[in-house]
Amino acid sequence: IDYEFDENNSLGFSTSMLISPRANTQNNVNSITDVFGSNKVLDSTFITDNQKVDETINLAFTLDYVNKFKKQGEKLLISAHHTNYDFSSFQNVDTDYLFPDESLIRTNKFQTFSSQEVKLLTGQIDYELPLSGSGSFEAGVKISNINSNSILSQYDFNNGTRALDLQNSDTFLYDETNYAVYSSYSKDWNKWSLKLGLRTELTDIKGNSISSNTINDTKYEKFFPSLHLLHTINDKNDIYFNYNKRIYRPRYSQLNPFKYFLNDNTYMTGDPNLQPQIDDVFTLGYTFNQKYTLEAYYRYESNPLLEITFQDNTENILKIINTNIDRNISYGLDFTTYTKVLNDWNLSVYASLFYTEGQFIAEESNNAVLVKDKWSFRTSPKLSGL
């Protein structure tokens, strides 16, 4: 909904709503696991039946105000946003343990109820000012607050009686406030185009695990510069260089320290001390004949967020852990085109040759530093007709 007070002032309201009821999200997984001894002879088998149902409600509301000044292109934008996210999940897990002859050893059953409620509030002010000589200046401030309440309750069964498993149940409270200030300057002249930007963020985080009475306080300040430089060689050929520093924050579910069991021997867990991933990306590109683009890039990822599976041979447990690894490096060459090959046919091609290298500490292997690297090639040609 948009309302114009006059030619220079307007107010807008928008909303996005997602409601996914339990009736439409039922999921039933039956898995069979064979266990072999060191002599590769079948020792036992366990069959797990996991019945799971979820419910999601996500309501988002945005209010925008725009004020246009007398100078052409100069304007002030004010925005407020609220998101209310409510997710709940219930699972029932039954496991039968069998000898090689399929006779029953024992059975085990547990149930898990989890829920997460997230409230997001943001306020933002932006200012845009055209400058003489095809230049422009933009600046703004943004404040965001995220409040999350996550609950995990696990129930075990003993002789058919359900009881709360206090060791694997918890409530995790998370509060994050982010303050951002940013500005950019752009200018075009002759056959050149330049854009410079800088964003500064201050983040204050508090996480509280109720069952363990553990409180994690984290504060960090980050700077994110950006640069875009373009040179137009002629009407059909351009060369450009980009640099961007970006941040990827962990999802709230990745911060929960819960042990969420998928079966008796496998659980997923988060880490309230996860650090944000910071990427530095350099790109050198060339567009020729207005149809073909060739890009060389280099990306350095600090504290990449990754989900890693560890096998604990002492506890006979598979742990799926959300963690930060040391770093990732990737570089490569990308080629893209979209061109007409016949009167009514178009060809689009994306091809990439690239190298990736990741380094992390293997906690279950005496904290050994492991490096994984690989050269890869991928392509996706597509021919489409009218």
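The values are calculated or read from the model by the stated rules, or taken from the named source; none is laboratory data. Being a predicted model, the structure only gives us computed values, none of them experimental. Virtual Cβ from ideal backbone geometry, glycine too; neighbours counted across all protein chains shown. Surface areas here come from the heavy atoms of the whole protein model, side chains and all, with no ligands, DNA or RNA. Shrake-Rupley method; radii C 1.70, N 1.55, O 1.52, S 1.80 Å.
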Item checked: Distance in nm between pseudo-label sites at ILE78 and TYR97 (7 Å out along the Cβ direction from Cα) -> 6.5 nm
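Pairs to check: LYS109/LYS259; LYS109/LYS319; LYS68/LYS142. Give those whose C-alpha atoms are more than 24 Å from each other in this structure.
Beyond 24 Å between Cα atoms: no listed pair.
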Item checked: Size of electric dipole in segment 46-185: Cβ of Lys, Arg +1 and of Asp, Glu -1, about Cα centre, debye, nearest 20 -> 840 debye
Next item on the list: Rounding to the nearest 20 debye, state how big the charge dipole of segment 71-146 is about its Cα centre with +1 on each Lys and Arg Cβ and -1 on each Asp and Glu Cβ.
Entry: 400 debye
Next item on the list: Take the Cα of SER88, step 7 Å along the line toward its Cβ, and report every residue of segment 48-80 whose backbone nitrogen sits under 20 Å from that point.
Entry: 51-60
Notebook entry, point to check: When Lys and Arg each count +1 and Asp and Glu each count -1, what net charge do the other residues less than 9 Å away from TYR355, Cβ to Cβ, add up to?
Noted result: -1
Next item on the list: Just the number, please: carbon plus sulfur as a percent of the accessible area of the chain, 1.4 Å probe, no ligands or DNA/RNA counted.
Entry: 53 percent
Item checked: Loop trypsin sites (Lys or Arg not before Pro), segment 49-119, which have at most 15 other Cβ atoms in a 10 Å radius of their Cβ (DSSP) -> LYS70, LYS71
Next item on the list: Give me the net charge of LEU104's neighbourhood, meaning all other residues with Cβ under 13 Å from the Cβ of LEU104; Lys, Arg count +1, Asp, Glu -1.
Entry: -3
Notebook entry, point to check: Between segment 310-386 and segment 12-79, what is the C-alpha centre distance in whole Å?
Noted result: 23 Å
Note to self: So, R0 is 25 Å and r is the distance between the beta-carbons of SER31 and ILE317; what FRET efficiency does that work out to, to 0.05?
What the structure shows: 0.95
Item checked: Linear extension gain, LEU370 paired with GLU7, 0.36 nm per residue minus alpha-carbon span -> 124.5 nm
Next item on the list: Using the Kirkwood radius over Cα pairs, work out the Stokes-Einstein diffusion coefficient for the chain at 4 °C and 1.567 mPa s, in µm²/s as a whole number.
Entry: 50 µm²/s
Next item on the list: Just need the relative contact order of the chain here, percent rounded to a whole number, with Cα pairs under 8 Å and 6+ apart.
Entry: 8 percent
Notebook entry, point to check: Counting alpha carbon pairs within less than 8 Å and at least 6 residues apart, what relative contact order, in whole percent, applies to segment 1-72?
Noted result: 42 percent
Notebook entry, point to check: For the residue pair TYR127 and LEU353, what label-to-label distance in nm results when each label sits 7 Å from Cα along the Cα-to-beta-carbon direction?
Noted result: 5.0 nm
Item checked: Sites matching GluC sites (Glu not before Pro) across segment 288-351 that sit in DSSP coil, with at most 13 neighbouring C-beta atoms within 10 Å -> GLU315
Check: In debye, nearest 20: dipole of the chain around its Cα centre with unit charges on the Cβ of K, R (+) and D, E (-)?
Finding: 1260 debye
Notebook entry, point to check: Ignoring ligands, DNA and RNA, what accessible area per residue does the chain give at 1.4 Å, in Å²?
Noted result: 60 Å²
Check: How many nm separate the modelled label positions at LYS291 and ASP217, each set 7 Å beyond the Cα in the direction of the Cβ?
Finding: 6.3 nm
Item checked: Relative contact order for segment 211-314, counting Cα pairs under 8 Å that sit 6 or more residues apart, in percent -> 23 percent
Margin query: Let me check I've understood the local charge: for PHE13, count other residues with C-beta under 12 angstrom from its C-beta, Lys and Arg +1, Asp and Glu -1. What total comes out?
Written below: -2
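Counting helices only, and only those DSSP H runs with n ≥ 4, report the 222 nm mean residue ellipticity of the chain as the sum of -39,500 (n - 2.57) divided by its residues, in deg cm²/dmol to the nearest 500.
Calculated mean residue ellipticity at 222 nm is 0 deg cm²/dmol.
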Next item on the list: Note the full-extension length gain between ASP264 and SER380 as 0.36 nm times their separation in residues minus their Cα-Cα distance, in nm to one decimal.
Entry: 37.6 nm
Item checked: Over segment 230-386: Kirkwood hydrodynamic radius from C-alpha pairwise inverse distances, Å -> 19.0 Å
Check: Mind listing which chymotrypsin sites (Phe, Trp or Tyr not before Pro) in segment 1-93 are in a DSSP loop and have 14 or fewer other Cβ atoms within 10 Å?
Finding: PHE69
Note to self: What does the extension gain come out to for PHE310 and SER186, with contour length at 0.36 nm per residue minus their alpha carbon separation?
What the structure shows: 39.8 nm
